[in-house]
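Chemist: Following this message is one structure expressed as structure tokens.
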Amino acid sequence: MQNHKHVEKQRVLVIMELNTGESLFGFIHATHSERVSDVLNDPRLFLPFEEVDGERMIHAKTSITRVYEICNVSRHMTHPDPYVVLNVSRADSWETIQRAYRQQMMLCHPDRYARRNPPQAALELLDQIARRLNELLDQIRPNHLNSVA
């Protein structure tokens, strides 16, 4: 009997293109130490995939032509430390923090994906992430500017 240990996985929002021409918005689940490329290149022949509306499916990896990573939803929506979410240090300059914020916002903003006709649930999730990024920057701003002054 195998010893199956529960490993917490993160939900990474992606656009997955299939060889049928179809584009799917949804989640690939990866451990904290895995990248999306690690999951795509592991020895399994099939990839579990969760659409943004919650529907779960399994795709043959041979049917996947391209995967665009949008953002790590688990980290963006639940991590309590705004510096961790923005991938910056408390010691970074305000300009560095703003640059990191803009990079994250560029990746997660719903307008960026509108031309791909994503499902409404994907646009709503991207909007929630964008609002969360704004809130996180607002949390950092007074603390950072006060400590620099």
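Chemist: Angle between the Cα long axis of helix 120-148 and the longest principal axis of the chain, 0 to 90 degrees, nearest 10?
Modeler: Relative to the chain, helix 120-148 is tipped by roughly 30 degrees.
Chemist: Let me ask you something else. Please report the base-10 log of the normalised intensity I(q)/I(0) for the chain, using a Debye sum with one equal scatterer per alpha carbon and no solvent, at each q in 0.08, 0.13, 0.16, 0.18 (1/Å).
Modeler: -0.27, -0.66, -0.92, -1.08
Chemist: Sort 54-63, 134-143 by packing, meaning the average of other beta carbons within 10 Å per residue, with the highest value first.
Modeler: 134-143, 54-63
Chemist: Residue-wise, which Karplus ³J(HN,Hα) couplings in Hz belong to the stretch 56-72, taking 6.51 cos²θ - 1.76 cosθ + 1.60, θ = phi - 60°, and x for glycine or proline?
Modeler: 9, 8, 10, 10, 5, 4, 5, 8, 8, 9, 7, 10, 9, 7, 8, 6, 7
Chemist: Additional query: GNM, the chain, Cα, under 10 Å: largest mean-square fluctuation among 14, 84, 52?
Modeler: Top of the fluctuation ranking is 84.
Bear in mind that the values in this text are calculations on the coordinates, not laboratory data. These numbers come from a predicted model, not from an experiment. Glycine also receives a Cβ, built like all others from the backbone with ideal geometry; neighbour counts cover every protein chain displayed.
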